[in-house]
Structure formats: structure tokens, C-alpha cells
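The values are calculated or read from the model by the stated rules, or taken from the named source; none is laboratory data. Fair warning: this is a prediction, and the values are worked out from it, not measured in the lab. Here the Cβ is made from the backbone with ideal geometry for all residues, glycine too, and neighbour counts use every protein chain on show.
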Amino acid sequence: MLIAQLPVAGEDGDRLRPSNPDSFDNDHSAFEEYACDRSNLPWIIFRAAHRANHVAALPARARALLAALARTVDANRPFAAIFARRELLTGRALQSMRTFYRSLDDLETGGFIVRPPQKRHGDAGLFGRAYLHLTDKAATLLGLVNESSSESLTAGSCPVPETAFAEAPCFFTPPSATVADGAIYKDLYPTNQKRQPARLPADLQRLLSLGFHEFLIFRLMREAKLNLKRLSDVVEATWIHLQKATRPINYLRALLRSPVDFGHQIRSKHAAQAKADTTRVRAALIDAIVARHTGQVFFDASNGRRFEVSEDAAQIAVHDHRESTPRIRVGNWSAEFVDALESGRIAPATPERESEFSLKGGGRIASVATSLIRNDMNLTKPVRTEAIDQRLIDMKRFLRLACAGEPVFRRTLGPRK
């Protein structure tokens, strides 16, 4: 039948053709490109943002930030704290962080916002929160409150006076508007830092005169630590040789690899130096003490010995009560004298001590003197006679023969009968 044929019935033009899937992707892309922010702001907030963008007295950056604050503030409580992070405000104002801080300075100078003082967290050393507040001037200008009065506000939204934060003490230095934001506000020199310090130790700075670079010295410090040494000890122990070395860098690295304990050498040297210093100080103290007691007399605890220091502190006279004359001591007597004086074994002379010492040695000295006088009176010098001379000659001849090994009795006494 002709009616069923395709050209006759015209069915080709009436059928639905398959759709192209690429057309849907193009429509979706165009839809996303021309999409905008779909947030539905209240009319009062929209009016406040519009007014903020048309404040002719403010710079463009300050107007953009004021419009961002107008979009963020609570319309029912315009004087309350604006709970917004810096990232949110910079994103809405389309500003960088430096421009954001400059805009805050402009708004604060113009009397549109109040910035309370920021505090630091004691543990981390970072800045704490500091919320922004709109002033009466800004709220009235943006249309958030009536120009006639502000009694129509709710009970919890009372305005914050501008002088409320001015009287509060400021415990921090406000961030500069000309520096970047972020870690720059942190403590750049903490006490517990583990990074490389900014300058060399004082005892290693002399290596710079030998051609060492600062970074090389820090590297050598690490190498010394790996070899269980301290670079300061190695340099201190071998500094004279390092100065004379042709290649001091190679020489120092060879010393770091050597098994020598330079720390023990330094400790021994310091101990010897400390001992010498102590001896020198002690000698000076002894000389000073002896100089203060020149010409003075001292006695021991039992008052049996008497000590008298000379006027020039060159010698000391020690007189025992059992001896008739004192003994003079020179040389290194001052150290023992000062030790006895500091320990209390000897004490300065007093009249009682003098009398007791004289009583102990007075009777014996008198008896000795008397006996010497009597011996001098009784002893008479013998007279040398001829018999005495002959006796002396015989004794000399006897001794010569005894030394020669000859029979003494035959020569002297003759043959036996």
C-alpha cells in the first residue's frame, strides 16, 4: 500500500531524533560560569554594604573592608563582636593580608571600628583572639541603628563605648601593617630551638682567621660529635699546631678521626691551672697574714713554746721552755705558721701566757747557769810536762806499728824471758 511507504507518509520528519550529549555539558559549563553568590542577605545588610561602598571620605581599600564587615555583622546586634577570621574578611574584601591591616588602620583612624588589645597565649607565644566592634558612627552611617536614638536595640546589644578599650592596658606590640602575616608573629628565637644558631661559639671564632667558613665550622662540630669529641676541646688542645699547619682544615679533620681523648687533656690542663691559681692565691694570702703579724709574739695551747715573728717577716724564733736559747727558723715557715694560727693551735701573747712560760723554764735555766759557773771555777787548765810529751810519743809509735802489721809487744817490750 502506498500509504505505508516512508516517502509518502512523511514519517521521517515527524520522528524524534536522538539528542547530542555534548550539548548538556556546554549548557552546564555556561551555567557555572555565569553563576553568582546565591546567599539571600537581609535588606538592611544589603543597604549597609551598599552604603559602605559609597563612603567618599575613605580609601577604596577601607570601603571594601567596611562593606565586608557590614555583610558579617549581626543586624540585630550591630555593636557586638564580629566573629570572623581574617581569611573570611580578606576573601570578602578581595584584599591581601597586608592591605587588610592597612584597611583596619584606616577604619580605626576614621573612628569606624574599635580593636581591643590582643593577648598572647603563655605556652605557644602566639596572638590570641581580638574581635572587632563597630562604633556608633559606623552603625549609624550604615543604617544599622536609627539616627535619632539607639533605645530600640535589644537588651543584649548595647553599644560598646570607644573609650572602653582605650583604658585597658596593652600587653603586646600591635602587628605592623607593612609586614606579612603568618609565622612572622611567632617567636623567632625560642629557648628550645634545635636549628643552627645564628653565630659561632666564642671559642671557635678564632678558626675564621685560619680560613674556615662558618658553615664549615658547624659541619666540623657535627663530625666531632659523631666521633665522640667536642670541637672546642680539639681546637683548644691543638691550637698552637693548627696555627702552624699548612692545611689546617685537613689537619683538624684528621685530629677529629684520631682516637686521642682531647677532653681529658683539656680537663687535666684546667685542673693544673686551677691548682696553680689556688696555690698562688694561697701564697698571697699567707704573705698578707704574716705581714700583719710582724714583730708579734705567740704561744701554743700549753704555753710551753714561744713564737716571735721578726720585724721583716724573714724568720721566726721558736723558744721551748726546756731549752735555754730559742731556735731561729728561716725559709718556708710562713705556711705552717698561718695553718697553726687559723686552726687555733697558737694564740697571741698575753701577760698571763708570758708569766706561765717564764715559770715553766725559769728554775731549770737558773740551775743550768749555776752548774756552768761552778764548772768554770773548779776546772783548771793542765800543764804540759815532759812525761806527758813522752807518753804522747809512745802512743804515736804504737799506732804506727799497729798499722804496719808488726808484732807490737816484741818491738816495744822485747823478747820474753
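Starting from residues that are surrounded by fewer than 10 Cβ atoms within 10 Å (Cβ to Cβ) and assigned to a helix (DSSP H, G or I), keep the ones in the range 375-388 and report whichever is modelled with the lowest pLDDT. Per the stated criteria, the residue is Met377.
Of the residues making up the range 50-80, those that are in a helix (DSSP H, G or I) and free of Cβ contacts under 8 Å to residues at least 60 places away in the same chain number 11.
Within the range 184-196, not a single residue is in a loop (DSSP other than H, G, I, E, B), at pLDDT 90 or above and hydrophobic (A, V, I, L, M, F, W, C). Scanning the range 251-267 for residues that are within 14 Å of Leu207 (Cβ to Cβ) and either over 29 Å from the mean Cα position of the chain (by Cα) or among the β-branched types (Val, Ile, Thr) (or both) yields a single hit, Tyr251.
From the list Arg345, Arg353, exactly one residue is under 30 Å from Ala317 (Cβ atoms), in contact with an Asp or Glu (Cβ under 7 Å, 6 or more places away or on another chain) and at pLDDT 55 or above. Which is it? Matching residue, one of Arg345, Arg353: Arg345.
Residues are listed down the side, and each one gets a yes or a no for (1) modelled with pLDDT of 85 or more; (2) surrounded by fewer than 16 Cβ atoms within 10 Å (Cβ to Cβ); (3) closer than 30 Å to Asn146 by Cα; (4) within 50 Å of the chain's Cα centre (by Cα):
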residue	(1), (2), (3), (4)
Glu11	no, yes, no, no
Arg17	no, yes, no, no
Cys36	no, yes, no, no
Pro59	yes, yes, yes, no
Leu66	yes, no, yes, yes
Phe83	no, yes, yes, yes
Arg92	yes, no, yes, yes
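On the given criteria, is Phe307 surrounded by 10 or more Cβ atoms within 10 Å (Cβ to Cβ), modelled with pLDDT of 90 or more and in contact with a Leu (Cβ under 8 Å, 6 or more places away or on another chain)?
no
Among the residues of the range 81-99, which ones are touching a residue at least 60 places away in the same chain (Cβ under 8 Å) and of a type outside the set (D, E, K, R)? Reasoning before the result, please.
Of all residues in the range 81-99, those touching a residue at least 60 places away in the same chain (Cβ under 8 Å) come to 86, 97-98.
If the condition is that a residue be touching a residue at least 60 places away in the same chain (Cβ under 8 Å) and of a type outside the set (D, E, K, R), then Met97 is the only one that fits.
Taken together, the residues in the range 278-328 that are β-branched (Val, Ile, Thr) and over 25 Å from Glu356 (Cα atoms) amount to 6. How many residues does the range 198-229 hold that are in a helix (DSSP H, G or I) and without any contact (Cβ under 8 Å) to a residue 24 or more places away in the chain? Residues meeting the conditions: 13. Do we have Val338 as at pLDDT 65 or above and in contact with a helix residue (DSSP H, G or I) (Cβ under 7 Å, 6 or more places away or on another chain) here? It is true that Val338 is at pLDDT 65 or above and in contact with a helix residue (DSSP H, G or I) (Cβ under 7 Å, 6 or more places away or on another chain). Total residues in the range 230-252 satisfying the condition of being in a helix (DSSP H, G or I), more than 24 Å from His270 (Cα to Cα) and basic (Lys, Arg): the figure is 0. The residues of the range 304-319 that are closer than 19 Å to Thr350 by Cβ, part of a strand (DSSP E or B) and not hydrophobic (A, V, I, L, M, F, W, C), listed by number, are Arg305, Arg306, Glu308, His319.
Hey, could you check the range 320-343 for residues that are part of a helix (DSSP H, G or I) and not small (Gly, Ala, Ser) and say which is surrounded by the fewest Cβ atoms within 10 Å (Cβ to Cβ)? Explain how you work it out, then say what you get.
Pass one, the range 320-343, residues part of a helix (DSSP H, G or I): 334-343.
Subset that is not small (Gly, Ala, Ser): 336-339, 341-342.
Numbers: Glu336: 13, Phe337: 22, Val338: 18, Asp339: 12, Leu341: 17, Glu342: 10.
Result: Glu342.
Of Ile240, Ile249, all but one fail to be of a type outside the set (D, E, K, R), closer than 14 Å to Phe212 by Cα and at pLDDT 90 or above; the exception is Ile249.
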